[in-house]
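Beneath this line is the structure, given in structure tokens, with notes to follow.
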Amino acid sequence: MSLLLVAAACGSGDSDQPSDAGAAPPAGEQSGDGRTAATEVSPETAAPTGTDDAATSEAGTETAGGGGELILAVEQWPECLNPVTSCANASWTLWSVNTHVLPRLMELDLQNNYQASPTLAEEPTTDNGGLQVADDGTFTLTYRLHPDAVWSDGTSMTSSDVWYTWRARLDTDGTLNTVGYELITDVNTDDPQVAVVTFSEPYAPWRDLFDPILPAHHLGPDTNIADRWNDEISISGGPWLQHSWSQDQHVLVPNELYWDTERRPLVDRVVMVPREDTDSEVVALQTGEVMAASPQPFPGAAERLGGDLTFVGGGGTFIEGLWINQNAPDRRFEITRNIRQAVAYSLDRELIADVALGSIIEDPQVLQCAGWSPAVGEWCADDFAHYGQDLAKVTELLTAEGWTRPDPDGLWVNAEGTELVLQWNTVAGNKRREDVQALVSEMTAPFGIGWEIINYDPGELFQNRLPSMNFGPVALFANSTSPDPTVFRLYDIDGIPSEANGFTGQNFTAYASQEASDLAAAIDREVDAAARLALVRQLGEVLATDVPWIPLYVLPNLVVWNSTLVEGAGNALFSAYGGFADIYDWRVIG
Amino acid sequence: MNAPGVRSSSAATLLSVRNLRTEIDTENGTVTAADGVSLDLHGDEVLAVVGESGCGKTMLALSILGLLPRRTGRIVDGQVLFRGEDLTQATPARLREIRGAEIAMIFQDALTGLHPLQRVGDQIVEMIRAHEPARRDAARRRAVDLLDLVGIPDPDRRAESFPHELSGGMRQRVMIAMAVALDPAVLIADEPTTALDVTVQAQVLETLARISGDLNGSILLITHDFGVVAGFADRVAVMYAGRLVEQGPVAEVYGRPRHPYTAGLLASMPRIDDVPGRLPRIAGTPPNLVSPPPGCRFAPRCSLAGDICREVPPETRLWPPDGGVTVACHHAEQVGAG
Amino acid sequence: MIAYALRRLAITVPVLVVISFGTFWAAGQISSPTAQLTLNPRISPETKQAYVELLGLDRPLHVQYGKWLGNFVTGDFGTSLVKNGQDVWPFVERALANTLLLVAAAVSLSLLIGLAVGTISAIRQGSLWDYGSVTVSFLGISIPVFWLGLMLQLFFGLYLANWLGVGPPLLPTAGIYSPGQQGFDLLDRVRHLVLPTLALSLQLVAVYSRYMRASMLEVMSADYIRTARSKGLRESRVVVRHGMRSALVPVTTQVAIDIGQLVGGLIVTERVFQYPGMGLLFLDSLEGGDYTILLPTVMIAAVVVFALNLVADLLYGVLDPRVRLGRDRRVARNV
């Protein structure tokens, strides 16, 4: 599935963040839904739950209850809608159109746990024979389609659609994501109700695949769909049908043939309009011109979203931290593990999280793992919890490598007389990050660690410096994680961008650990959930020891709605499909 | 020229300035540009006001029509009586009726005085139509006739010209044509030839003289050029530092100046029979009008000045008492006599 | 005059080429259509490379530029890099129409108000009105458009409606049509034009009124105004037909020249009010790394600005018969 691709386009403007996916083995302590608690800022938070029940009770009937027109603000207007080409790289393409219109095989529930979507009769498991690893290493998935699953033109969904989706992924010019699909050797369509997908080797993140699935009868027979669905998707296999699409607005209406009655929309129409400027977006919410939005976290959100506006903040898949580039051209000394640990021991990360996010959500949580979001799955453990301010540890670590502190209040100095000062980059003009820089500069002074702060425009930092490894040694930015815990590219020992390999690869911390690299690779091959979680936990501990980067906090998702106009919003806070994932359960009031 | 019969050709006083005081704000302070000026313009005569630049003669002219600079100039005392009507008290509407139609004005520099973006014919048409309900084409024909009258060749085509397309002399003729368009009773000509070449000056003056002869109007000629006065005016009023120092028929004043300043001016005037050489000049410079000397304003430059001159402003009086010349000098009797 | 115009054009062409290349180069430096792919972990380097080749981004810069320029001058705007091969022109055309409408509305409104305010200030120099309008125009020039836009949104969208106790906002705060509106609706369209026009106009009114005030002050002390009064003309005619007629000459040309300075405010205004014009298209294509849209957007803006400068010069000649040779006379900038 393409959730992983959501990452890159999320941060426009000053909060740009490069994308990256995480993967990790299970770390036991968290309960099943042990994600970061949503921070309820408004007193009216009881409403959504009530509506949820109402919606469920109504679901058995055929009538779409409530009616009315729901108006939503979209922060980034999709350039085009094709779910296979680069159009799909923008999160808002998925969040505002594809997710609502196109069906998928496996899907994430609102808490980002994988489950069978309404398209499937059941999830393929080892127990039901749907998931098999043969002795020769081939891996077979058997998808049984739901007998009622039907496209909006009345055509049944069949295994041919699964086959077609596979081919379109590979055959389309400019296809965005072929990972996983390349391992598929065959999709058997003998039984229209059963798609048997064979992989050449075990592929653990298989649940990501086939989101969306494409209508073979509608798009085929050509499997190159590069020029299709740029500005309209005229067929639906989801709760909503695309009524119209322009640069001004995008209108969804209920898909009358959607077979899952629990997701029959309650409103007659959804109108999405672009509001790319956060301030204007807030005004539009306040005036009631738009009823709900899912803005990027912005400073002062808690203060500004008062009155009739209710907002919830929490979850989030963007993890922010101090990314360390061990190969930084501007480093004055080797950025050894001891130095990385020492820096981690000089930080009060609780305070940092408070300063960074305190004006957005209450009680922001510190991120304690290096590659996963606590809001997604069970992958994120407390690996980094033991790092707190500890002068004794800092002294021990640095003294061991020959650093001295001639002035007990000054900076550490190494044998060559070089002071322990690290160049630190982030996005210029990003208030949150600059606040963190100011705080940390003060915070580490008593520990003898200094900073040279040089900030860049987002374009310069992420498009020029980051890909060419010309940053840091330290940089502060956010990276994305995915529902599936893959982190292989981030820690692949052969994927360190360098001049020698033409700066390909995405291991931009230049973290060269064979052990971590092997564990990350194993995570992507282990199809057994429990075994996979164990591998993630193992990698998590290795990362906490080696500190390739220092995790700080998760950027929370926000969903804001005008509580005099909308009921039922705010439950998709954690959803990788965006805060509007469950608009079929929203209703218009007043 | 429309209705000559209506016009009085008597020698009765047409325009009478009585004890006029005009103040102008300058960067250096408030200047009394005209200080108790009185003069009379009779029907069918040319009265020249003569004096050095800065003596206040232009402000005197502007005061008559209420055309002083709006923010900086004002009449503080005195009257301007036109046919007995005090123009300083006239309503703006009444003033507009008189301007152009009864009292018209010719300005010094026609290049800046004519609107640069308006065709000269239109400027004359505008003058006519401001006062008479004339149709545009009729007014236009009159404008062409007027241009012809002031000696502009090919007037039909010239009417279509912009001011910058005409020569300096032509422009001044346009000014004259515009000023006489409505056959005004009084024509105020403020240095009408100063901006022109000497040869052109003569032609323009000749035109002005011819027109004034043709028409029944009186002319108030403002000039610094005694030569112009001699050939053109019936009477002359000599102005110095905001005050009139001598006033009378040209022949009498020229023949026997009563005021030392007049005498000095006349002495510095080039004559045909002059031997080449330096002309005598009046020593010193005119006083600062922000704070003029308390007594006679010419006293600092006057060879006859005594204590009384430096302390008491001289009265204006007839001298000789039975003559037609008034003078403001404590020592008028001695001027020319010595 | 014609020769002069042609000479000006001849100078303009190389300037436009330089601008276009500079834009082309800068677009490649600060944004890239593949940048978002680079950091996407699920996209293999091979996929990215295939994508780069598909878009022709691996060719040398001057080759890409030459290809683009060749198409552009022959009127072929090509297809979008980022919008999956959709034709560029419809996007640009729509944005251009919207922006021209907004600019025309703002400039007309600003001229109407600015010229009147400036004229009254000049003829009542030193009055309370004059000091008031000078102060207001100083504020108008100092207030950032961005902030003004937000204040207008809040005031007309929120506070005024709340204060009057009416439900929906008095004026829509963004977009060009109400959400859900299908097809053309003149009233709705005009209502959506009001706030962006106001936001763009305040600064213009301030600038225009100061130009007009300075120009009128100069003109009204001219000799020919005194001549006009001496002719017995009504004061209104003196001010309008003689004073404003002259004062408008430098102001008009300055207004045409100033159109270029509108660009910044326009971008901000369109962003704040989500007004789908050239400014918003520029921002979107910049953020999306789509030089295929960025370039025509910038080029059209540049051509319009240059054209208006030329028009301004020629206009001076038309408005002022004294300047038929295209000599450059503009109102002093520090008015």
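The values are calculated or read from the model by the stated rules, or taken from the named source; none is laboratory data. This one's a predicted model, so the numbers in the text were calculated from it and none came from an experiment. Neighbour counts run over all protein chains shown; Cβ positions are idealised from the backbone, glycine included.
Within segment B:67-119, if we keep just the residues that are among the acidic types (Asp, Glu) and either assigned to a strand (DSSP E or B) or under 22 Å from B:Ile222 (Cβ atoms) (or both), the residue that is modelled with the lowest pLDDT turns out to be B:Asp109.
Can we say A:Asp148 is within 14 Å of chain C (Cβ to nearest Cβ), surrounded by fewer than 20 Cβ atoms within 10 Å (Cβ to Cβ) and not in a helix (DSSP H, G or I)?
On the way: within 14 Å of chain C (Cβ to nearest Cβ): no; surrounded by fewer than 20 Cβ atoms within 10 Å (Cβ to Cβ): yes; not in a helix (DSSP H, G or I): yes.
Taking the combined requirement at face value, the residue does not satisfy it.
Scanning segment A:212-270 for residues that are away from chain C (no Cβ under 12 Å), polar (S, T, N, Q) and under 29 Å from C:Pro276 (Cβ atoms) turns up A:Ser234, A:Ser236, A:Gln242, A:Asn255.
Only residues in segment C:279-294 that are more than 9 Å from chain A (Cβ to nearest Cβ) count as the first member; pair them with residues that are part of a helix (DSSP H, G or I) and charged (D, E, K, R), Cβ under 8 angstrom, at least 6 apart or cross-chain, and list the lot. That search, which allows pairs on different chains as well, returns C:Gly279/C:Glu270; C:Gly279/C:Arg271; C:Ile293/C:Asp284.
Per-residue answers, yes or no, for (1) in a strand (DSSP E or B); (2) within 13 Å of the chain's Cα centre (by Cα):
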site: B:Ser212; (1), (2): no, no
site: B:Ile219; (1), (2): yes, yes
site: B:Gly227; (1), (2): no, no
site: B:Gly231; (1), (2): no, no
site: B:Ala237; (1), (2): yes, yes
site: B:Val245; (1), (2): yes, no
site: B:Val253; (1), (2): no, no
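Being within 14 Å of chain B (Cβ to nearest Cβ) and either in a helix (DSSP H, G or I) or touching a residue at least 24 places away in the same chain (Cβ under 8 Å) (or both) narrows it down to one of C:Val318, C:Val311, so name that one.
Working: C:Val311 fails: within 14 Å of chain B (Cβ to nearest Cβ).
Of C:Val318, C:Val311, the one residue that is within 14 Å of chain B (Cβ to nearest Cβ) and either in a helix (DSSP H, G or I) or touching a residue at least 24 places away in the same chain (Cβ under 8 Å) (or both) is C:Val318.
Taken as a whole, the condition of being within 30 Å of A:Met272 (Cβ to Cβ), away from chain C (no Cβ under 14 Å), part of a loop (DSSP other than H, G, I, E, B) and touching a residue at least 40 places away in the same chain (Cβ under 8 Å) applies to A:Leu573. In segment B:101-124, the qualifying residues are those that are free of Cβ contacts under 8 Å to residues at least 60 places away in the same chain and either aliphatic (A, V, I, L, M) or closer than 11 Å to B:Ala189 by Cα (or both), and the one that is farthest from the other protein chains (Cβ to nearest Cβ) is B:Val120.
Mind listing just one residue for me: the one in segment C:144-194 that is aromatic (Phe, Trp, Tyr) and under 21 Å from C:Leu101 (Cα atoms) and, of those, nearest to the other protein chains (Cβ to nearest Cβ)? First the steps, then the outcome.
Within segment C:144-194, the first condition is being aromatic (Phe, Trp, Tyr), and the residues that meet it are C:146-147, C:155-156, C:159, C:163, C:177, C:184.
If we keep only those that are under 21 Å from C:Leu101 (Cα atoms) as well, we get C:146, C:177, C:184.
Values: C:Phe146: 8, C:Tyr177: 6, C:Phe184: 12 Å.
Once the filter is applied, the top-ranked residue is C:Tyr177.
B:Asp109 satisfies every condition listed in (1) assigned by TED's automatic domain parsing to the domain that holds B:Gly248; (2) surrounded by fewer than 23 Cβ atoms within 10 Å (Cβ to Cβ) except (1). If you filter segment A:244-257 down to residues that are touching a residue at least 60 places away in the same chain (Cβ under 8 Å) and outside any strand (DSSP E or B), you find that the one that is nearest to C:Gln86 (Cα to Cα) is A:Gln247. Taking each residue of segment B:75-96 that is away from chain C (no Cβ under 13 Å) and loosely packed, with under 14 Cβ neighbours inside 10 Å and looking for partners that are part of a strand (DSSP E or B) and not hydroxyl-bearing (Ser, Thr, Tyr) with beta-carbon atoms closer than 7 Å, six or more apart or interchain, yields B:Val76/B:Arg21; B:Val76/B:Glu23; B:Asp86/B:Gln79; B:Asp86/B:Val80.
Per-residue answers, yes or no, for (1) touching a Pro at 6+ places or on another chain (Cβ under 7 Å); (2) assigned to a helix (DSSP H, G or I); (3) more than 22 Å from C:Gln254 (Cα to Cα):
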position: C:Gly114; (1), (2), (3): no, yes, no
position: C:Trp129; (1), (2), (3): no, yes, yes
position: C:Gly132; (1), (2), (3): no, yes, yes
position: C:Gly149; (1), (2), (3): no, yes, yes
position: C:Pro168; (1), (2), (3): no, no, yes
position: C:Gln182; (1), (2), (3): no, no, yes
position: C:Val205; (1), (2), (3): no, yes, no
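Considering each of C:Leu55, C:Leu100 in turn, give the residue that is of a type in the set (A, V, I, L, M, F, W, C) and farther than 30 Å from C:Ala199 by Cβ. Going through C:Leu55, C:Leu100 in turn, the sole match is C:Leu55.
Picking from A:Val282, A:Val273, which residue would you name as being part of a strand (DSSP E or B) and within 14 Å of chain C (Cβ to nearest Cβ)? Steps first, please.
Values: A:Val282 fails: part of a strand (DSSP E or B).
Exactly one of A:Val282, A:Val273 is part of a strand (DSSP E or B) and within 14 Å of chain C (Cβ to nearest Cβ), namely A:Val273.
Restricting to segment C:72-90, count the residues that are assigned to a loop (DSSP other than H, G, I, E, B) and touching a Pro at 6+ places or on another chain (Cβ under 9 Å).
Taking segment C:72-90 as the starting set, the residues that turn out to be assigned to a loop (DSSP other than H, G, I, E, B) are C:74-78, C:80-86, C:88.
Next, from what is left, pick out any that are touching a Pro at 6+ places or on another chain (Cβ under 9 Å): C:77-78, C:81-82, C:88.
Selection size over segment C:72-90: 5.
If you go through segment A:167-195 and pick out every residue that is surrounded by 19 or more Cβ atoms within 10 Å (Cβ to Cβ), out of contact with any helix residue (DSSP H, G or I) (no Cβ under 6 Å at 6 or more places or on another chain) and not in a loop (DSSP other than H, G, I, E, B), you end up with 2. For the condition away from chain A (no Cβ under 14 Å), surrounded by 23 or more Cβ atoms within 10 Å (Cβ to Cβ), under 30 Å from A:Trp77 (Cβ atoms) and within 21 Å of the chain's Cα centre (by Cα), C:Ser137 does not qualify. Of all residues in segment C:295-308, those satisfying the criterion of being touching a residue at least 60 places away in the same chain (Cβ under 8 Å) and β-branched (Val, Ile, Thr) are C:Thr297, C:Val298, C:Ile300, C:Val303.
Restricting the search to segment A:206-225, which residues are part of a loop (DSSP other than H, G, I, E, B) and either modelled with pLDDT of 90 or more or surrounded by fewer than 19 Cβ atoms within 10 Å (Cβ to Cβ) (or both)? If you could, list the steps in order and put the result at the bottom.
Taking segment A:206-225 as the starting set, the residues that turn out to be part of a loop (DSSP other than H, G, I, E, B) are A:209-215, A:220-225.
Hits for segment A:206-225 are A:Leu209, A:Phe210, A:Pro212, A:Ile213, A:Leu214, A:Pro215, A:Gly220, A:Pro221, A:Asp222, A:Thr223, A:Asn224, A:Ile225.
Looking at C:Asp290, is it farther than 30 Å from B:Ala179 by Cα, more than 20 Å from the chain's Cα centre (by Cα) and of a type in the set (Asp, Glu)? Walk me through how you get there before you give the answer.
Numbers: farther than 30 Å from B:Ala179 by Cα: yes; more than 20 Å from the chain's Cα centre (by Cα): yes; of a type in the set (Asp, Glu): yes.
Yes.
Taken over segment A:358-370, the residue count meeting the criterion of being touching a Leu at 6+ places or on another chain (Cβ under 8 Å) and at pLDDT 90 or above is 4.
A single member of A:Val536, A:Val542, A:Val547, A:Val559 is modelled with pLDDT of 90 or more and at positive phi, and it is A:Val547.
So, A:Asp186, is that one more than 14 Å from chain C (Cβ to nearest Cβ), among the charged types (D, E, K, R) and touching a strand residue (DSSP E or B) at 6+ places or on another chain (Cβ under 8 Å) or not? Spelling it out, A:Asp186 is indeed more than 14 Å from chain C (Cβ to nearest Cβ), among the charged types (D, E, K, R) and touching a strand residue (DSSP E or B) at 6+ places or on another chain (Cβ under 8 Å).
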